[in-house]
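The values are calculated or read from the model by the stated rules, or taken from the named source; none is laboratory data. On a predicted model such as this, the values are computed, not experimentally measured, just so you know. We place every Cβ from the backbone using ideal geometry, glycine too, and count neighbours over all the protein chains shown. Quick note on the areas: whole protein, heavy atoms, side chains included, nothing else; ligands and nucleic acids left out. Shrake-Rupley method; radii C 1.70, N 1.55, O 1.52, S 1.80 Å.
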Amino acid sequence: MPAGVHRRVLVQVIGFTLGGLQANAVDLAWAGREHGYESVLIAPRDTMPTGPSLQEVAEERGVRLVPYDRPTSILDGARTLSRLAREHGADIVHTYSGWSYRAAFWGPCLGGRRPLVMTNYEMAAMPGTYRAANLIVGTGYLRDELAGSQRRVDLISPPVDLDRDNRRAVDGTAFIAEWGLDPLHTRAVVVSRLDEEMKAKSVEVMIRAVERLNQPALDLIVVGDGNAGERLRLVGQAVNSAVGRTVVTFTGSMADPRPAYASADIVLGMGSSAARGLAFGKPLVVVGERGRGEAFGPGTAAGLFRSSFWSDDAPVDPVADLASLLEAMLDRRSGWVGLGEFGRRFAEENFGLTAMAARLAAVYRDAEASYGLRAWWSERDLEVAAALRHLPSHGGTRRAGTRVRDRVDLA
């Protein structure tokens, strides 16, 4: 074990695809070494994309990321997590998805022999969340809602490495040249998974809003990919054809999107992508899941932060609303420097990786001190209820199409 590291953590993440949740886990694992915790991340093998992946991010940080075969049942998952915990000498198990809570409970944490730590970066509490295990959430309102029902709920915001995510550390000039962008144009940049679930609607609203504005020197740069990528590219191509120039540029996924942030004049997005935009000192427009836009500033910061830069509000005409908001921002360019400076200070106070890693280490210490057989046994009623939910008469597992909201956009 490396010098200064005293405990090991098995951290289960949702996949190898590039996303805020996964990148957050890598960053926290890297920063956690300063607090004596060495993390090994594991992810389902079948999530490995053909292009850039989380593996590149982990390798750059020197964090181990191990693939495993996706379990076919909770029992199979329990065996898989138990084996991995033994192989890597894990003292703690930290899970980032609902199915793995139960697999960890019946596997490496059976009888309280290892403490269980859960992260829920979704927008609502999941049914059957264990009450005696430590729970980490990413939104202020969810922490407040759960405070009375959980033994301990901790708010750990999606972390931002303030040294790396810093416009003084990254130059966007090469990015502008690589993609043939006009350096004299105003660039609105969005870094996001292009998935139909939660993300695609907001990105399409951005594209349509830029089309409606029809500003001759405004470009939209879309960084990311996903199952909605091809459809959104067709929308962008249609806009470019209609306007008669390249208004919308798609770059695909980037393992390191910092040059894109550095090139931006305005950042559009939600979740941790919005937080990274603030760290770069850029004016920010938060665009929620259904296209609701709101500019970040002194008057809106507290509310946007409490909802983790996300909203599911559905405006009557989100395209018109966002176009008006962007037009107002373009008319007030003189205030961009002040907005950027305010955003950078806000990121330093609320998202710094060093501070978030310290919070996570405190959660791990508390879990080791308090989680045991009694805590494990106290969850038996939840396990009975979970077993009943999965009987055929109770509708089986979660219906196809049922929404599971992943808060972190992340990138």
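Per-structure values
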read-out	value
Residue in region 234-254 that is hydroxyl-bearing (Ser, Thr, Tyr) and within 20 Å of the chain's Cα centre (by Cα) present	yes
Conditions (1) in contact with a strand residue (DSSP E or B) (Cβ under 6 Å, 6 or more places away or on another chain); (2) open to solvent by less than 40 Å² (accessible area, probe 1.4 Å); (3) within 23 Å of Leu54 (Cα to Cα); number of the one not met by Ala264	(3)
Close pairs (9 angstrom Cβ cut-off, 6 or more residues apart or separate chains): within 13 Å of Tyr121 (Cα to Cα) and basic (Lys, Arg) in region 138-156, open to solvent by 20 Å² or more (accessible area, probe 1.4 Å) and modelled with pLDDT of 85 or more anywhere	Arg143/Val153; Arg143/Asp154; Arg143/Leu155
Residue, least open to solvent (accessible area, probe 1.4 Å), within region 1-47, restricted to residues that are out of contact with any strand residue (DSSP E or B) (no Cβ under 7 Å at 6 or more places or on another chain) and more than 18 Å from Ser272 (Cβ to Cβ)	Thr47
All positions within region 225-244 that are over 20 Å from Val319 (Cβ atoms), crowded, with 21+ Cβ neighbours inside 10 Å and either out of contact with any Ser or Thr (no Cβ under 9 Å at 6 or more places or on another chain) or not acidic (Asp, Glu) (or both)	Gly226
The lone exception for Val287 - which of (1) in contact with a strand residue (DSSP E or B) (Cβ under 9 Å, 6 or more places away or on another chain); (2) β-branched (Val, Ile, Thr); (3) in contact (Cβ under 8 Å) with a residue 12 or more places away in the chain; (4) open to solvent by 20 Å² or more (accessible area, probe 1.4 Å) it fails	(4)
Top-ranked residue in region 346-365 [being touching a residue at least 60 places away in the same chain (Cβ under 8 Å) and more than 24 Å from Arg306 (Cβ to Cβ); ranked as surrounded by the fewest Cβ atoms within 10 Å (Cβ to Cβ)]	Ala361
Residues that are more than 19 Å from Leu213 (Cα to Cα) and crowded, with 17+ Cβ neighbours inside 10 Å, drawn from region 302-335	Leu304, Phe305, Ser307, Ser308, Phe309, Trp310, Ser311
Filtered residue count, region 320-346, keeping only those that are outside any helix (DSSP H, G or I) and closer than 12 Å to Gly297 by Cβ	1
Selection from region 83-118 of residues that are in contact (Cβ under 8 Å) with a residue 40 or more places away in the chain and in a strand (DSSP E or B)	Ile92, Val93, His94, Thr95, Leu116, Val117
